[in-house]
Amino acid sequence: MKYVQLKNVSEEEAAIIAPLLEAHGIQAEMRYSGLAAPSKVYLGRSVFGNNIYVPEEQLEEANELLAELSKEIPPEELEAQALAAGEESEAAPESVPAADNADFDWQIADYGVDK
(Lines give C-alpha, C1' and ligand atoms only; values in the text may rest on other atoms or scores of the structure.)
Protein backbone atom coordinates (compact mmCIF):
# COMPACT_ATOMS: atom_id res chain seq x y z
CA MET A 1 0.00 0.00 0.00
CA LYS A 2 1.49 3.33 -1.07
CA TYR A 3 1.11 6.30 1.27
CA VAL A 4 1.03 9.87 -0.04
CA GLN A 5 1.31 13.16 1.81
CA LEU A 6 -2.02 14.71 2.66
CA LYS A 7 -0.91 17.79 4.53
CA ASN A 8 1.85 19.40 6.61
CA VAL A 9 0.48 20.73 9.89
CA SER A 10 1.60 21.71 13.37
CA GLU A 11 1.91 19.01 16.03
CA GLU A 12 -1.29 20.23 17.67
CA GLU A 13 -3.24 20.02 14.42
CA ALA A 14 -1.77 16.60 13.66
CA ALA A 15 -2.92 15.35 17.06
CA ILE A 16 -6.46 16.27 16.05
CA ILE A 17 -6.48 15.45 12.33
CA ALA A 18 -4.89 11.98 12.38
CA PRO A 19 -7.35 10.44 14.90
CA LEU A 20 -10.22 12.20 13.13
CA LEU A 21 -9.26 10.61 9.82
CA GLU A 22 -8.93 7.21 11.47
CA ALA A 23 -12.35 7.64 13.10
CA HIS A 24 -13.74 8.00 9.57
CA GLY A 25 -12.00 4.85 8.36
CA ILE A 26 -9.04 6.58 6.72
CA GLN A 27 -5.65 5.24 7.75
CA ALA A 28 -3.36 8.08 8.75
CA GLU A 29 0.32 8.15 9.53
CA MET A 30 2.29 11.08 10.94
CA ARG A 31 5.88 11.55 9.89
CA TYR A 32 8.47 14.22 10.50
CA SER A 33 10.12 15.72 7.46
CA GLY A 34 13.74 16.69 6.98
CA LEU A 35 15.19 18.25 10.09
CA ALA A 36 11.91 17.99 11.98
CA ALA A 37 12.92 14.84 13.86
CA PRO A 38 16.18 16.32 15.25
CA SER A 39 14.36 19.53 16.19
CA LYS A 40 11.80 17.42 18.06
CA VAL A 41 14.63 15.76 20.01
CA TYR A 42 16.57 18.95 20.80
CA LEU A 43 13.75 21.48 21.15
CA GLY A 44 10.95 19.25 22.36
CA ARG A 45 8.79 20.07 19.36
CA SER A 46 9.07 20.02 15.61
CA VAL A 47 9.58 23.47 14.14
CA PHE A 48 8.85 22.08 10.68
CA GLY A 49 5.50 20.50 11.55
CA ASN A 50 4.27 17.01 10.87
CA ASN A 51 3.40 15.46 7.56
CA ILE A 52 0.20 13.45 7.54
CA TYR A 53 0.21 10.58 5.09
CA VAL A 54 -2.76 8.53 3.94
CA PRO A 55 -3.07 5.60 1.53
CA GLU A 56 -3.10 6.83 -2.05
CA GLU A 57 -6.54 5.34 -2.68
CA GLN A 58 -7.97 7.28 0.31
CA LEU A 59 -6.39 10.66 -0.52
CA GLU A 60 -9.46 12.12 -2.22
CA GLU A 61 -11.75 10.98 0.60
CA ALA A 62 -9.38 12.49 3.20
CA ASN A 63 -9.24 15.83 1.34
CA GLU A 64 -13.05 15.92 1.09
CA LEU A 65 -13.41 15.18 4.81
CA LEU A 66 -10.96 17.93 5.79
CA ALA A 67 -12.66 20.39 3.42
CA GLU A 68 -16.06 19.57 4.91
CA LEU A 69 -14.78 19.96 8.47
CA SER A 70 -13.03 23.25 7.75
CA LYS A 71 -16.18 24.96 6.47
CA GLU A 72 -17.06 27.99 8.52
CA ILE A 73 -20.32 27.88 10.41
CA PRO A 74 -22.47 30.99 9.73
CA PRO A 75 -22.82 33.31 12.77
CA GLU A 76 -26.61 32.83 12.83
CA GLU A 77 -26.20 29.07 13.16
CA LEU A 78 -23.58 29.49 15.90
CA GLU A 79 -25.93 31.79 17.79
CA ALA A 80 -28.80 29.30 17.46
CA GLN A 81 -26.54 26.49 18.74
CA ALA A 82 -25.40 28.63 21.68
CA LEU A 83 -28.99 29.51 22.60
CA ALA A 84 -30.02 25.87 22.39
CA ALA A 85 -27.08 24.85 24.59
CA GLY A 86 -28.01 27.58 27.09
CA GLU A 87 -31.57 26.33 27.31
CA GLU A 88 -30.30 22.83 28.06
CA SER A 89 -27.96 24.06 30.83
CA GLU A 90 -30.60 26.22 32.59
CA ALA A 91 -31.61 23.21 34.64
CA ALA A 92 -29.43 24.43 37.50
CA PRO A 93 -29.87 23.16 41.05
CA GLU A 94 -32.57 24.95 43.06
CA SER A 95 -30.17 26.07 45.74
CA VAL A 96 -26.44 26.48 45.88
CA PRO A 97 -24.75 25.88 49.23
CA ALA A 98 -23.17 28.96 50.79
CA ALA A 99 -19.39 29.14 50.75
CA ASP A 100 -17.60 28.50 54.03
CA ASN A 101 -15.49 31.58 54.73
CA ALA A 102 -13.76 30.15 57.80
CA ASP A 103 -10.64 29.24 55.83
CA PHE A 104 -10.53 32.64 54.16
CA ASP A 105 -10.97 34.43 57.50
CA TRP A 106 -8.04 32.45 58.90
CA GLN A 107 -5.84 33.49 55.96
CA ILE A 108 -6.72 37.15 56.46
CA ALA A 109 -5.98 36.97 60.19
CA ASP A 110 -2.72 35.14 59.51
CA TYR A 111 -1.45 38.05 57.41
CA GLY A 112 -2.61 40.70 59.89
CA VAL A 113 -5.18 42.19 57.55
CA ASP A 114 -8.29 43.74 59.08
CA LYS A 115 -11.59 42.96 57.45
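The values are calculated or read from the model by the stated rules, or taken from the named source; none is laboratory data. The structure presented is a predicted model; accordingly, all values stated were derived computationally and were not measured. No Cβ is skipped: glycine too gets one built from the backbone with ideal geometry, and neighbour counts run over all protein chains shown.
In table form, for the structure just shown:
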| item | result |
| --- | --- |
| Verdict on LEU78 being assigned to a helix (DSSP H, G or I) and modelled with pLDDT under 85 | yes |
| Condition check for ILE16: modelled with pLDDT of 85 or more, surrounded by fewer than 16 Cβ atoms within 10 Å (Cβ to Cβ) and of a type in the set (Val, Ile, Thr) | yes |
| Subset of region 19-50 (residues that are among the charged types (D, E, K, R) and either at pLDDT below 65 or in a loop (DSSP other than H, G, I, E, B) (or both)) | LYS40, ARG45 |
| Pair list, Cβ under 6 Å, 6 or more apart: region 56-82 residue under 13 Å from LYS7 (Cα atoms), other residue aliphatic (A, V, I, L, M) and part of a helix (DSSP H, G or I) | ALA62/LEU21 |
| Residue that is farthest from the chain's Cα centre (by Cα) [pool: residues in region 51-75 that are at pLDDT below 85 and in a helix (DSSP H, G or I)] | PRO75 |
